[in-house]
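Structure first, commentary second.
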Amino acid sequence: MNLYGDRGNVIALSRRAEWRGIEVGLTAVGLGEAVDFTAFDILFMGGGQDKEQRLICEDFQRVKGGALAEAVEDGVPFLAICGGYQLLGRFYETGTGERLPGIGILDVETRAGRKRMIGNVVAGSLLAGQETRTLVGFENHSGRTYLGPGVRPLAEVLVGHGNNGEDGTEGAVYRNVVGTYLHGSVLPKNPWLADWLIRRAVVRRYGEGVTLPPLDDRVETEAHAAAVAHAVEVARRHRTPVRRRRLRAVVGGRLGSRRGSR
Ligand code: GLN
């Protein structure tokens, strides 16, 4: 599936690998195709509406579910966005009460709510170590996702709704699987997350000793900061929830200087 530029994530992963001299091959996997997913280094799945999700759901139940679970247990990094994220969970219950079973790789459950959660998101994540990194993206979903004990949240919401608009969590992580509501595309704007996935992939093949050479990310860093500043500014006008104190604690200083420079 692919919504709101999700496919841009594939481009970001490919380029950031190639810029480091890592050869990249891409394989699009279609409905009904049985695949050994352990043969791949990174898996990606974008978002989609209920109609597409229904097709994927059937395919997952009949064809791909077991192979995907096997790859995840084998440590294959997997990024899934929104509708894709929901189908990696236990189920997605649509607005009409139809329950689409997921493959339960992620211990999460999703039920559609009445109100769509739409807008920019800024979140703070500890995925890549002890320093909080910001994630910025765009969400548009009616599904409310609740996390079970088998996963940890990807991030805490600073601006926007995230998983369910209630508990302040965004996304879910299990082994090297990252589920998130962030479209946008999320990886070009948040290169640290792209690098986390690439590093996990390289470590799976060659062991923990591997480090990724840093890239010149001046443009990406600027784009990220601009997107964060924009999200905060728009939130003020659109009554998007903002957790002000946490936002200030995580991005306060950086935001101030950004606004000053524009
Ligand atoms: N149909 C799902 C929802 O609205 C997913 C939408 C999406 O992927 N943007 O919750």
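The values are calculated or read from the model by the stated rules, or taken from the named source; none is laboratory data. Because the structure is predicted, anything quoted here is derived from the model rather than measured. We place every Cβ from the backbone using ideal geometry, glycine too, and count neighbours over all the protein chains shown.
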For region 35-53, which residues satisfy the criterion of being more than 10 Å from the ligand (Cβ to nearest atom) and assigned to a loop (DSSP other than H, G, I, E, B)?
V35, D36, F40, D41, I42
What are the pairs with Cβ atoms under 6 angstrom where one residue, in region 164-175, is of a type in the set (V, I, T) and the other, located anywhere, is surrounded by fewer than 20 Cβ atoms within 10 Å (Cβ to Cβ) and in a strand (DSSP E or B)? Sequence gap at least six, or different chains.
V173/R152
Among what's in region 203-241 and is part of a loop (DSSP other than H, G, I, E, B) and of a type in the set (D, E, K, R), pick the residue that is surrounded by the most Cβ atoms within 10 Å (Cβ to Cβ).
D217
Could you tell me which numbered condition G162 fails, if it satisfies all but one of (1) assigned to a loop (DSSP other than H, G, I, E, B); (2) surrounded by fewer than 24 Cβ atoms within 10 Å (Cβ to Cβ)?
(2)
Sort through G5, G32 and tell me the only one that's more than 16 Å from the ligand (Cβ to nearest atom), on the phi > 0 side of the Ramachandran plot and out of contact with any Phe, Trp or Tyr (no Cβ under 7 Å at 6 or more places or on another chain).
G32
What do you reckon, is G66 surrounded by fewer than 17 Cβ atoms within 10 Å (Cβ to Cβ) and on the phi > 0 side of the Ramachandran plot?
no
Residue selected from region 178-194 under the condition surrounded by 23 or more Cβ atoms within 10 Å (Cβ to Cβ), of a type in the set (A, V, I, L, M, F, W, C) and farther than 18 Å from H141 by Cβ, by the criterion nearest to the ligand (Cβ to nearest atom)
L187
Hey, among the residues in region 75-96 that are within 14 Å of the ligand (Cβ to nearest atom) and part of a loop (DSSP other than H, G, I, E, B), which one's nearest to the chain's Cα centre (by Cα)?
C82
Answer with yes or no whether I56 is farther than 26 Å from A226 by Cα, crowded, with 17+ Cβ neighbours inside 10 Å and away from the ligand (no atom under 12 Å from the Cβ).
no
Being at pLDDT 95 or above, aliphatic (A, V, I, L, M) and more than 16 Å from the ligand (Cβ to nearest atom) narrows V63, V108 down to just V63
What is the one condition in (1) modelled with pLDDT of 95 or more; (2) assigned to a loop (DSSP other than H, G, I, E, B); (3) buried (at least 18 other Cβ atoms within 10 Å of the Cβ) that I22 does not satisfy?
(3)
